[in-house]
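Written below as structure tokens is the structure these notes are about.
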Amino acid sequence: MEETAKISVAQQKGGVGKTTAAINVAGALNQRGRDVLLVDIDPQGNATENLGMPEVYDEEPPTLFDCLTDAEMRSHVTEIVREHEEMDVIPSNIDMTAVEPELTLSRRSGEQLDAVLEYVADDYDYVIIDCPPNLGNLTDNALYAAQNILVPALAESTSKRAFELLYDHVDLLETDYEIEINEVGVVINRIDVRKNQAQQMVDWINQAYDDVPVWEIRERADIQYALESGTSIFEYNDEADVCEAFLNIAESLDSQFGFASPSDSEVVEA
């Protein structure tokens, strides 16, 4: 088996479709026959809820909070993995709202998630980490653990500043931890082709990131309907035109991480 590919889906700006990208990329990878673990480290728990697990968010310990803040609890992460029809999930929990100061006090604050994932990551082809919409300790943990980043963005002018802040932070993290964080691509979400500004911003992102893949996701109501039903777009409506875009992302990731193209028998029947 190839080495597990870990990818953090991160952006310091909220409302950019970060969770949408994480869930639907995971769903696309599942379509290609990959075993995927989605880790929801956002204290808001959007991915947990959007995958149909709102009750898990209020569960009693052990939770991801315990695994991240208590070294003796790390191995208990195997107990909190939940099964979904498309992927396995390490859910967020209401206790995660208090995790930032706890991580600040830990000896190696940015390395806790990496230590936790050692107990589960080898069982999967991909680990997709859905980050909070800020650049705090949790996002640092995700970036350190994955050392690969998929960046969601919107086709609007505020994205330029968001990119700048994100990459300044990534540069500092690389220096502090002596690591290299690889950009696997940019996902431009909710593109409304009727707006001139949207096309201008798409063009700017493509020019600014000409050395990494850039994928364009049109604005489609079915994407939101899928999340409300607790699945990716593939389980909700596999004939939606955006399915092709997410499958292109999955194909590119397989290529970047050295996974062989799936045989017909491995591909999930639509």
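The values are calculated or read from the model by the stated rules, or taken from the named source; none is laboratory data. Because the structure is predicted, anything quoted here is derived from the model rather than measured. Here the Cβ positions follow ideal geometry from the backbone for every residue, glycine too, while neighbour counts run over all protein chains shown. Ligands, DNA and RNA are excluded from the accessible area calculation, which covers all protein heavy atoms including side chains. Shrake-Rupley method; radii C 1.70, N 1.55, O 1.52, S 1.80 Å.
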Exercise for the section: Output the residues belonging to the range 1-30 that are over 25 Å from Asp95 (Cα atoms), in a helix (DSSP H, G or I) and open to solvent by 20 Å² or more (accessible area, probe 1.4 Å). Expected result: Asn30
Problem - Which listed residue is touching a strand residue (DSSP E or B) at 6+ places or on another chain (Cβ under 9 Å) and open to solvent by 10 Å² or more (accessible area, probe 1.4 Å), from Val81, Val89, Val120, Val127 - result: Val81
Handout entry: Some residue of the range 69-90 being closer than 21 Å to Arg34 by Cβ and free of Cβ contacts under 8 Å to residues at least 24 places away in the same chain
Key = yes
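Any idea which of Ala221, Ala226, Ala250 is among the small types (Gly, Ala, Ser) and surrounded by fewer than 18 Cβ atoms within 10 Å (Cβ to Cβ)? Quick ask: steps written out before the conclusion?
Numbers: Ala226 fails: surrounded by fewer than 18 Cβ atoms within 10 Å (Cβ to Cβ); Ala250 fails: surrounded by fewer than 18 Cβ atoms within 10 Å (Cβ to Cβ).
Result: Ala221 is the single residue among Ala221, Ala226, Ala250 that is among the small types (Gly, Ala, Ser) and surrounded by fewer than 18 Cβ atoms within 10 Å (Cβ to Cβ).
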Handout entry: When residues of the range 152-168 are limited to those that are within 19 Å of the chain's Cα centre (by Cα) and of a type in the set (Ser, Thr, Tyr), the one least open to solvent (accessible area, probe 1.4 Å)
Key = Ser159
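Taking Gln200, is it touching a Ser or Thr at 6+ places or on another chain (Cβ under 9 Å) and among the polar types (S, T, N, Q)?
On the way: touching a Ser or Thr at 6+ places or on another chain (Cβ under 9 Å): yes; among the polar types (S, T, N, Q): yes.
So Gln200 passes the test.
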Exercise for the section: Taking the options Ser255, Ser263, name whichever one is part of a loop (DSSP other than H, G, I, E, B), over 19 Å from Ala47 (Cβ atoms) and either more than 16 Å from the chain's Cα centre (by Cα) or modelled with pLDDT of 90 or more (or both). Expected result: Ser263
Practice task
Identify, by number, the condition in (1) surrounded by fewer than 17 Cβ atoms within 10 Å (Cβ to Cβ); (2) within 20 Å of Arg32 (Cα to Cα); (3) modelled with pLDDT of 95 or more that Ala245 doesn't meet.
Solution key: (1)
Handout entry: Some residue of the range 98-113 being in contact (Cβ under 8 Å) with a residue 40 or more places away in the chain and in contact with a Lys or Arg (Cβ under 7 Å, 6 or more places away or on another chain)
Key = no
Problem - Hits in the range 75-98 (condition: in a helix (DSSP H, G or I) and either under 18 Å from the mean Cα position of the chain (by Cα) or acidic (Asp, Glu) (or both)) - result: Glu79, Asp95, Met96
Completion exercise
Reported set for the range 181-235 where residues are under 22 Å from Thr139 (Cβ atoms), among the small types (Gly, Ala, Ser) and more than 16 Å from the chain's Cα centre (by Cα) is Ala208
Practice task
Could you please find all residues in the range 42-58 being open to solvent by 10 Å² or more (accessible area, probe 1.4 Å) and either in a loop (DSSP other than H, G, I, E, B) or of a type in the set (Ser, Thr, Tyr) (or both)?
Solution key: Pro43, Gln44, Gly52, Met53, Tyr57
